[in-house]
Structure formats: structure tokens, C-alpha cells
1. Under 6 Å between Cβ atoms, which residue pairs at least 6 apart in sequence (or on different chains) link something in the stretch 50-79 that is within 26 Å of Val28 (Cα to Cα) and free of Cβ contacts under 8 Å to residues at least 60 places away in the same chain with a partner that is more than 16 Å from the ligand (Cβ to nearest atom) and of a type in the set (Ser, Thr, Tyr)?
2. Only residues that are of a type outside the set (D, E, K, R) and closer than 17 Å to Thr13 by Cα: list them for the stretch 46-75, please.
3. Taking the stretch 18-58 as the search range and keeping residues that are in a loop (DSSP other than H, G, I, E, B) and touching a helix residue (DSSP H, G or I) at 6+ places or on another chain (Cβ under 6 Å), which one is nearest to Arg79 (Cα to Cα)?
Amino acid sequence: MASAKYKIKKNDTVMVVTGRDRGKTGKVMRVLPERGRVVVERLNIVKRHSKPRGAQSPGGIVEKEAPIAISNVMIFCDRCNAPVRVGVKVADDGAKSRVCRRCGEVIGND
Ligand SMILES: [Zn+2]
């Protein structure tokens, strides 16, 4: 599995722990394991000026999420209401689930 190195997955809620958006939370839209980055909904917004390209694209300022380094975000645990470290719990039947290291809450679904 390409993303085995990272415990963050699509649709996880993460908190930015460093940089301009520090303290903000958002939902992971995409994981880019080969670049070590994630795209998080409404975070790390960059504004791009686009030129008019005919009637369908009048141009203007487009706001878009830029990828954030995975090392700059942490899984956000709803129960702890805090960014947390994530561990892996293996059930008796061998099924693995990600859990909050602080409260034991299962994070997402594997
Ligand atoms: Zn927790």
C-alpha cells in the first residue's frame, strides 16, 4: 500500500500544527503520498489570477487549496477535541483499525 507510511487518509479530519493555517481544521480531500502532502478542504488557500478565456471563463481571482506537507498536519480527534497521535489496534480477528493514542477512539474506518 502506497500510503502505508502515512496514517492520514482521505476524509480524515486533520489540524494544521504549523505555519500560516496553524490551529485550523479541515477534511482531507486528497493524499499525495509520493509528495508527502495532503490537500485539505478550505485550508492553505492560494489565490490565482486567471485571464479571461471567453464567455465561459470570465477570469478573475480563483481560490484553490494548495497541498500541505503531511508533517504539518495531525489527525484531529473529536473526542479529545485536539490534534492527536494515531496508533494501530489489531483486533482478535486480525482487523486493523486506527485509534487515538490519547483516548482510544477509533479514527475513521479502515
Ligand atoms: Zn482522542
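Since every read-out is calculated from the coordinates, none of them should be taken as a lab result. What you see is a predicted model; the values in this text were computed from it and never measured. Positions of Cβ are generated from backbone atoms using ideal geometry, with glycine treated the same way; all protein chains shown enter the neighbour counts.
1. Val62/Ser50; Asn72/Thr18
2. Initial filter on the stretch 46-75 (of a type outside the set (D, E, K, R)): 46, 49-50, 52, 54-62, 66-75.
Listed by number, the residues that qualify are Ala66, Pro67, Ile68, Ala69, Ile70, Ser71, Asn72, Val73, Met74, Ile75.
3. Taking the stretch 18-58 as the starting set, the residues that turn out to be in a loop (DSSP other than H, G, I, E, B) are 18-24, 33-36, 41-44, 51-58.
Cutting the leftovers down to touching a helix residue (DSSP H, G or I) at 6+ places or on another chain (Cβ under 6 Å) gives us 18-19, 36.
Numbers: Thr18: 22, Gly19: 25, Gly36: 27 Å.
It comes out as Thr18.
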